C-alpha cells in the first residue's frame, strides 16, 4: 500500500517562501548565522511547531503545500471587459416619447360619436406641438388620450415603447404620474396656500417627505422665474404669475412631457408671451411640450401645428417650420433668392 505524502514532504515551488526556508536549512556547516540555525531548527520541528514561527502568521503565509496547490489549481478566467459604448437598449424603451398608431376614439350610444378618427402621430423628446381647432372638434379628446386620461377604442398608443393597452389601471396611473405633467386654463391654486405650497401639491401622493417636496417645489418655481415669490399668496399675484405657479406644480413632478390645455386662455397678451417663451425654454431643455390653444400666434410659434376638424387630424407646417425651411433654402442655394436691386 502506497504511503500518502505529507505536506512537509512535497517539494516547494522555486522562488516561494518554502524554498527560501529549505535553502537556509541546507546552508551547511559553514554557515554560523544564529538566526539561520534557529530558522532551520524551527522549520524541522514538524507539525508540533504549528503554534510558533511562521505558522502563526495565519492564512496569509505561503508554505510548500500552499505553493503546490496554487501551481496545480486551474487558472481563473477573467471575463474581458467590453469596449466602451452606449448601453444596450432596455425592453420596452424607444427613442420617441409617444406614438399613436391608427388610434381612434368612438363614444358609444344610440348614435355613436366619432370624437377622434384614426390617426398616427409620433412625438420625439424636446418637440413642441400645437393642437388647434374650433370648439368641439376633438382637441381635448386627443389630449386626454395622450395624457392617459382616456384610452383609444381603436388602434394602439405607445409611451416610450410601451403598449398602454397591455397595462392595468394601476399601471396606467403609475405611468401617467411618472411621464406627464398637466397645465390647464384655470390655475386651480388654493387661495390660502403660498406659491411654494401650491407647487408641491402634486407631490403629496409620491411618498416624499415634507422637506423633499418643498425643495422640489422651490426648484420648479425658480425654474419658471418665481424664485422671489415663494411665500406669495395667489391673491397677491398676477394672472401670468399664477399660471407660472401652475406650470411649476407640473414641473415639480419632473415629467418628460408637459400637456397644456389653453395655458394662455385667461392671460393678457404680455403674460401670454411670457408663458409661451417659458414653454419654449422648457422644450429647449429636452421637455416635450404639447399645447392645445386657440391662440394663433402661439400655435405658429410651436415646432409643429396639428389641426383637428370634426375628429379628423391633419398636420401642416407651422410658422416656425416655414421660417426654418426658408432659412435652410437660403443657406443651401443663396443665389436663387433675388431682390429688387438685382432687377
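When only Cα pairs under 8 Å and 6 or more residues apart are kept, what is the percent relative contact order across segment 96-326? Please list the in-between numbers first.
Values: 452 pairs, mean separation 66.0, N = 231.
Answer for segment 96-326 is 29 percent.
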**Fill in**
Least to most buried among 218, 96, 260, by other C-beta atoms within 10 Å and fewest first, runs 96, 218, 260
**Asked** Distance in nm between label sites at residue 238 and residue 96, each 7 Å beyond Cα in the beta-carbon direction?
**Response** 3.9 nm
**Two-site label geometry, residue 175 and residue 151: point separation in nm, points 7 Å out along Cα→Cβ** = 1.0 nm
**Prompt:** When the label point is put 7 Å from the Cα of residue 280 along its Cα-to-beta-carbon vector, which residues of segment 204-231 have a backbone N closer than 18 Å?
**Reply:** 224-225
**Message:** Averaged across orientations, what area in nm² does the convex hull of the alpha carbons in segment 170-248 project?
**Reply:** 5.4 nm²
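Stretched out fully, how many nm does the piece from residue 107 to residue 210 gain, at 0.36 nm a residue minus the Cα gap?
Values: separation 103, 0.36 × 103 = 37.08 nm, distance 4.21 nm.
Gain in length upon complete extension: 32.9 nm.
Taking square-rooted eigenvalues a ≥ b ≥ c of the alpha carbon gyration tensor, is segment 229-272 rounded, prolate or oblate, where a/c under 1.5 means rounded and, failing that, a/b exceeding b/c means prolate?
Working: a/c = 2.90, a/b = 1.18, b/c = 2.46.
Note, shape of segment 229-272 comes out oblate.
Remind me, what semi-axes does segment 194-323 give for its equivalent ellipsoid, largest first in whole Å, using sqrt of 5 times each Cα gyration tensor eigenvalue? Mind dumping the intermediate values first?
Working: eigenvalues 167, 53, 32 Å².
Each semi-axis is the square root of five times an eigenvalue, giving 29, 16, 13 Å.
If packing is taken as the average number of other Cβ atoms within 10 Å across a peptide's residues, how do 241-251, 227-237 rank, most packed first? Don't jump to the answer; show the numbers that get you there.
Values: 241-251: 25.3, 227-237: 13.9.
Result, highest mean Cβ count within 10 Å first: 241-251, 227-237.
Give the order of 184, 123 when sorted by the count of other beta carbons within 10 angstrom, beginning with the fewest. Can you show the working numbers first?
On the way: 184 16, 123 20.
Going from sparsest to densest Cβ surroundings: 184, 123.
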**Prompt:** Where q = 0.18 Å⁻¹, what log10 of I(q)/I(0) comes from the Debye formula for segment 242-311, counting one point per Cα?
**Reply:** -0.68
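Ranked by Cβ crowding within 10 angstrom, fewest neighbours first, how are 210, 290 ordered? Let's see the in-between values first.
Values: 210 10, 290 26.
Sorted ascending by nearby Cβ count, the order is 210, 290.
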**Asked** In nm, what is the difference between 0.36 nm times the number of residues separating residue 273 and residue 315 and their Cα-Cα distance?
**Response** 12.7 nm
**Request:** Please quote Rg/Rh for segment 96-326 to two decimal places, taking the Kirkwood radius as Rh and restricting both calculations to Cα atoms.
**Result:** 0.97
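FYI, it's all coordinate maths here, none of it is from the lab. Remember, it's a predicted structure, so these values are computed and weren't measured experimentally. All Cβ positions, glycine included, derive from the backbone under ideal geometry; neighbour counts span all protein chains shown.
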